[in-house]
Amino acid sequence: MDTIFALATAPGKSGVAVIRVSGPVAVASCRAFGFEPPEARKSSLRQLTHADRGFIDEALVLTFEEGASFTGEPVVEFHVHGSLAIINAVLNSLKTLPGFRAADAGEFTRRALVNGRLDLTQVEALSDLIEAETEMQRKQALNGFTGHLREKAETWRTDLIHALALLEATIDFADEEVPVDVSEDVMRLLNGVITTIETELNGFGVAERVRTGFEVAIVGPPNAGKSTLLNALAGRDAAITSEIAGTTRDVIEVRMDLDTLPVTFLDTAGLRETQDQVESIGIQRAIDRAAAADLRVFLKGEGEFELITPKSHDIVVQGKADLFPQSEAVSGVTGAGVQNLVDRVKEFLLSRATSAGLVSHTRQKDVLMEGCLYLKNCQRLVESGPEHYDLAAEDLRLAVFALERLVGRVDVEDVLDKVFSSFCIGK
């Protein structure tokens, strides 16, 4: 493979910039800058010089041997002063070395995957960790990056291979001293895996919301104070406000970090019957977004709630508390009741967030759902009797391979090893 290099820190001026080099001849970059590679995993201060450019910078240099780096390859990191001129000088110097090339997007992480340093769930979690904006997103991403989902997948893998070994032993070694009726053990293993997979699937929706952000729609009749409330929540003029009904035509979004929760508040068009074609489009968008939101805050105004009905968990309060004072009214103008409303929103969303599972990506969900279907087919066949064990084993193999797409692949040798170790068959 080529030796690749790239700026590992954000582009632009900075106090320090890190340039990463990874590949079979990564350490040659040290010699190209006029010094021998320092001892692995010990930082060393070195002067970077180049035949054409002369003295470039004084840098902190780190080297990692093969198998001990992020990518699993020999790696060198140059921690240089973060001026654009220095960064470009180092990158352009590396570009001239034989066997070196600039890395493609995500190529370091891809090499980490290929070299077994990360599995696919960890790669996805690493992306989430980089994108994390709130504390809850950070914690969820770290759960994936540190291998929690992989560990569950390994547990499923072990149980399913055991179940498959039982079935295979019954099919292929019926004349040997092996258990004949394995259905009870197989069903116990299948039920256990299916139950835990379905638990993770049930927590997918919330986990995905933690990753992408919850949505809270502010809905109600025209002139209920929705846009003013949004501005109060955002602390800025995010939406145009006026006394003219129907001012808000499109959905206006404001993203916030609400006590570790990523939340997007939606200001929607006032809900009413109208002949105005443009306003009608805005109202339909409001209905659609409100229906898909995790929570709706209904502001009472001069009109009734039309076109959409509050659900049991939605929050219903009087708007414009400065004009219509009530105990639980809210006003974006004076701030009355705003903190109480925010607390109610947080309480509901935090209660939902506690049910988040480890599966937060659609790919992961699809793999688990596919695996679950095969496992349930296998259950039905096992219940039908030993004459269907060969078909049950095939469904179980398909389930194993489907589930293993989370992190890797299962070899047939794994099944054979389990058969031999479990039943001591000397064939």
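The values are calculated or read from the model by the stated rules, or taken from the named source; none is laboratory data. Remember, it's a predicted structure, so these values are computed and weren't measured experimentally. Virtual Cβ from ideal backbone geometry, glycine too; neighbours counted across all protein chains shown.
Here are some notes:
- Of the residues making up region 7-17, those that are surrounded by fewer than 18 Cβ atoms within 10 Å (Cβ to Cβ) and not charged (D, E, K, R) are A8, T9, A10, P11, G12, S14, G15, V16.
- All helices (runs of 4 or more DSSP H) inside region 312-405 with 2 or more residues being aromatic (F, W, Y): 389-404
- Scanning region 47-73 for residues that are under 18 Å from V18 (Cβ atoms), surrounded by 15 or more Cβ atoms within 10 Å (Cβ to Cβ) and out of contact with any strand residue (DSSP E or B) (no Cβ under 7 Å at 6 or more places or on another chain) yields a total of 1.
- Test result for R405, under 28 Å from F204 (Cβ atoms), modelled with pLDDT under 80 and of a type outside the set (A, V, I, L, M, F, W, C): yes
- Taking the numbered list (1) more than 30 Å from V400 (Cβ to Cβ); (2) touching a residue at least 12 places away in the same chain (Cβ under 8 Å); (3) of a type in the set (D, E, K, R) in turn, E131 passes all entries but (2).
- Criterion: at pLDDT below 85 and among the basic types (K, R) - qualifying residue of R110, R209: R110
- Helices (runs of 4 or more DSSP H) contained in region 83-180 and holding at least 2 residues under 26 Å from T212 (Cα atoms): 107-114, 120-131, 135-145, 148-172
- Yes/no for S29 being of a type in the set (S, T, Y), in contact with a Ser or Thr (Cβ under 7 Å, 6 or more places away or on another chain) and within 26 Å of V114 (Cβ to Cβ): no
Yes/no matrix, rows are residues, columns are (1) at pLDDT 85 or above; (2) more than 23 Å from L381 (Cα to Cα); (3) buried (at least 21 other Cβ atoms within 10 Å of the Cβ); (4) within 20 Å of the chain's Cα centre (by Cα):
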{"residue": "D172", "(1), (2), (3), (4)": "no, no, no, no"}
{"residue": "V186", "(1), (2), (3), (4)": "yes, no, yes, no"}
{"residue": "I194", "(1), (2), (3), (4)": "yes, no, no, no"}
{"residue": "S227", "(1), (2), (3), (4)": "no, yes, yes, no"}
{"residue": "I252", "(1), (2), (3), (4)": "no, yes, no, no"}
{"residue": "P262", "(1), (2), (3), (4)": "yes, yes, yes, yes"}
{"residue": "F265", "(1), (2), (3), (4)": "yes, yes, yes, no"}
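- Inside region 102-137, residues that are surrounded by 15 or more Cβ atoms within 10 Å (Cβ to Cβ) and charged (D, E, K, R) make up a count of 7.
- The one condition in (1) modelled with pLDDT of 90 or more; (2) surrounded by fewer than 19 Cβ atoms within 10 Å (Cβ to Cβ) that I244 fails to fulfil: (1)
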